[in-house]
1. Which of (1) in contact with an Asp or Glu (Cβ under 9 Å, 6 or more places away or on another chain); (2) under 30 Å from SER387 (Cβ atoms) does ARG263 not meet, given it meets every other one?
2. Go over the candidates ALA112, ALA123 one by one and state the one that is free of Cβ contacts under 8 Å to residues at least 24 places away in the same chain, of a type in the set (A, V, I, L, M, F, W, C) and within 28 Å of ILE183 (Cβ to Cβ).
3. Here are some residues: GLY79, GLY43, GLY58. Which one is of a type outside the set (Lys, Arg), surrounded by 21 or more Cβ atoms within 10 Å (Cβ to Cβ) and within 26 Å of ASP211 (Cβ to Cβ)?
4. Those residues that are more than 13 Å from ASP238 (Cα to Cα), among the small types (Gly, Ala, Ser) and part of a loop (DSSP other than H, G, I, E, B), I need them from region 54-96; list them, please.
5. Taking ASP70, is it more than 19 Å from PHE129 (Cα to Cα) and in contact (Cβ under 8 Å) with a residue 12 or more places away in the chain?
6. Report whether or not ILE146 is under 33 Å from the mean Cα position of the chain (by Cα), in a strand (DSSP E or B) and not aromatic (Phe, Trp, Tyr).
7. Identify the residue in region 291-316 that is surrounded by fewer than 19 Cβ atoms within 10 Å (Cβ to Cβ) and in contact (Cβ under 8 Å) with a residue 40 or more places away in the chain and, among all such residues, is farthest from GLN38 (Cα to Cα).
8. Might you check whether a residue that is modelled with pLDDT of 80 or more, in a helix (DSSP H, G or I), assigned by TED's automatic domain parsing to the domain that holds ALA287 and more than 43 Å from the chain's Cα centre (by Cα) occurs anywhere in region 372-379?
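The values are calculated or read from the model by the stated rules, or taken from the named source; none is laboratory data. Quick caveat, the model's predicted, so the values are computed rather than measured. Reconstructed Cβ throughout: ideal geometry from the backbone, glycine too, with neighbour counts over all protein chains shown.
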Amino acid sequence: MRHSTGQIAWRNLWRNPRRTVLALLAIAVGQAALLASQGLMRGYGDNIQQAITGPMVGHVQIHAPKYREDRSTDLVLDGVAAMATKVAALPGVTSAAPRIYAPVLIAPERQAFVATVVGVDLAAECQAFGLLSERQEPLASGQVLIGYRLARLAEIRVGQEVAIVGQAADGSLANDLYTVQGIVKGPVDLVNQSGVVMGLADAQKLLAMPDQAHELIVRTAGLKEVPALVAALRADPDLASLDIATWRELVPELTMIVDMVDRVGYFILALILVAAIAGIANTLMMATYERLHEFGMLLALGCTPRRIIRLILAEAAWLGSVGVAVGTVFGGVFLAVTRRTGIDMSSWGGTSVSDLAYAGMRLPLEIYPRITALDPIVGLVSVVLVSLLAASWPAWLAGRLDPMEAMRA
């Protein structure tokens, strides 16, 4: 019975099972490491991206000109209620929420502490993507929420009355008494460290900002809608003079972390290819020298050099593809388990970390790994191509053998 080149190549691989298994394991471990690292980095990138475009800055922000540079209380958006309604009606927009920020002093008793009033649209910010996503209880007029670190520093308790003093947008003195309804721990470090969160109407009254706000947080159904939304906002004559910025422009240092996901994958892929070259080149070179006599006989019996070259290249393709398949199974099992349970980075290093912040955002410490359908395919194609490259030298040597000299070897 005539056997194909692929069948013969597969049987030849198992003449030395130990060597073949070691080469397969090297490739499999590399592929599993690629999928695991890609899944972890992409999962972490997803967390950061969701935190940025959710509670922190949204997908797009609208400010008065120069507000982002100066953060001056008097640089406001006028007619913010009508503006929010208009923007929320645009295609792809899921939320348009105004916010107010103002530095103040908060005095729970005699001693005062530096704080920041954060006035928010409570209906929007209590959603899953909002600044107060973990709270369900409504916030009544005259009541505030205090960031947990500020509450710890100032020894503020729930139910306590606090005095807030600052400068209003018109330059007058802003001061009033509020009741602490709760202590919050949110995804934005500004709120945790110094935040005094109150309803938008209360903040507008305190800071003399009737129907005004400092920024409008716009969230869309997805990242694909952002370019079209920005174009529509900048084309609107009522908004054209305002500062309209995307999430990438607002926090470039954090978007770099998101963009690093693919770069880390390329580094791991390079390590896999090195392992594949070393393992396959060594395996096939040894196998070629061990079979010189056999190759000589085949050539003497009429087998063409091209057929022998194809045979060795087929062995390399088998090694690479099977190694990647085994590694994909290992990596897939790891990702399936961790995708369901998550990975808690706070316990790494032997000590528990409950909070970690960077660039004003509380970084997520729990990762749910994610890969795309393209990730294992990239590993497969890359390893097979490198396997064929690694096998080209032993295949070339076998194809140039002289039959008589090979049989005497």
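1. (1)
2. Result of the check over ALA112, ALA123: ALA123.
3. Only one candidate qualifies: GLY58.
4. Within region 54-96, GLY58, SER72, ALA89, GLY92 meet the criteria.
5. no
6. Numbers: under 33 Å from the mean Cα position of the chain (by Cα): yes; in a strand (DSSP E or B): yes; not aromatic (Phe, Trp, Tyr): yes.
It is true that ILE146 is under 33 Å from the mean Cα position of the chain (by Cα), in a strand (DSSP E or B) and not aromatic (Phe, Trp, Tyr).
7. First, pick out the residues of region 291-316 that are surrounded by fewer than 19 Cβ atoms within 10 Å (Cβ to Cβ): 292-294, 297, 300-307, 310.
Of the ones still in play, those that are also in contact (Cβ under 8 Å) with a residue 40 or more places away in the chain are 292-293, 297, 300, 305-307, 310.
Working: LEU292: 42, HIS293: 45, MET297: 48, ALA300: 50, PRO305: 42, ARG306: 39, ARG307: 39, ARG310: 34 Å.
My answer is ALA300.
8. For region 372-379, residues modelled with pLDDT of 80 or more, in a helix (DSSP H, G or I), assigned by TED's automatic domain parsing to the domain that holds ALA287 and more than 43 Å from the chain's Cα centre (by Cα): absent.
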